[in-house]
Ligand SMILES: NC(=O)c1ccc[n+]([C@@H]2O[C@H](COP(=O)([O-])OP(=O)(O)OC[C@H]3O[C@@H](n4cnc5c(N)ncnc54)[C@H](OP(=O)(O)O)[C@@H]3O)[C@@H](O)[C@H]2O)c1
């Protein structure tokens with residue numbers, strides 16, 4: 001899904017669908033996960049061990065159905081993916097813009113209409129690497145915080161599908177705790193203790 005975009009940015013790209021041997025694609029500097037979230041448990045745990053993995057997936061209730069492992073608002077879906085891919089380093093990014101936006105709205109750094117892409121991850125070096133990738137793809141990286149902060153740009157949030165600049169995304173992140181979804185997440189996290 002991201003292959004054309006990355007190739008246009010001059011990156012070497014290897015892809016794998018569900019019927020391919022994932023070994024070659026997974027032996028990359030960065031692996032982007034873009035499979036239906038309902039199928040995250042089909043991802044190749046061993047081939048992804050030790051790899052920097054970008055989780056670009058979203059849980060769509062309409063498509064995925066009821067999923068107790070994905071429906072808990074206290075846990076970002078990327079934390080769930082990280083728990084499944086325990087040996088990988090998961091960073092959440094590239095999930096909240098559509099493929100059309102990603103393929104058509106990339107701009108050079110400094111362009112006034114350059115859009116932003118939110119990023120969440122637990123390791124500073126990994127987040128920096130993904131930020132550099134986002135920049136190379138034509139978007140301003142906006143670091144939201146640790147992987148748990150990814151709840152602020154999953155569906156349904158203001159950022160998701162917003163087609164926004166970095167400054168607008170920062171404002172949306174600031175007001176997320178006061179949003180309806182933000183309050184649901186806060187209540188669920190308090191309940192978890
Ligand atoms: N579409 C967008 O604009 C967009 C933007 C940002 C993020 N996303 C996210 O990206 C994910 C995919 O969205 P999509 O619209 O591309 O869905 P899609 O059209 O249903 O495509 C899913 C692809 O994932 C492949 N796949 C499934 N399990 C796999 C596995 N274990 N290993 C390798 N490939 C596997 C499928 O291959 P087979 O056909 O061979 O099964 C299929 O090619 C979703 O989580 C979505 O939220 C989508």
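The values are calculated or read from the model by the stated rules, or taken from the named source; none is laboratory data. What you are looking at is a predicted structure, and each value in this text was computed from that prediction instead of being measured. Heads up, the Cβs are rebuilt from the backbone with ideal geometry, glycines too, and the neighbour counts pull from every protein chain shown.
Points to keep in mind about this one:
- Count of the stretch 8-30 residues, restricted to those that are assigned to a loop (DSSP other than H, G, I, E, B) and more than 9 Å from the ligand (Cβ to nearest atom), is 10.
- Selection status of residue 33, near the ligand (Cβ under 9 Å from one of its atoms), touching a strand residue (DSSP E or B) at 6+ places or on another chain (Cβ under 6 Å), modelled with pLDDT of 95 or more and at negative phi: yes
- Total residues in the stretch 42-57, condition closer than 18 Å to residue 134 by Cα and near the ligand (Cβ under 8 Å from one of its atoms): 2
- Qualifying positions in the stretch 78-108 - within 9 Å of the ligand (Cβ to nearest atom) and either within 19 Å of residue 129 (Cβ to Cβ) or touching a residue at least 60 places away in the same chain (Cβ under 8 Å) (or both): 94, 95, 96, 97, 98, 99, 101, 102
- When restricted to residues that are within 11 Å of the ligand (Cβ to nearest atom) and exposed (fewer than 12 other Cβ atoms within 10 Å of the Cβ), the stretch 58-67 contains 1.
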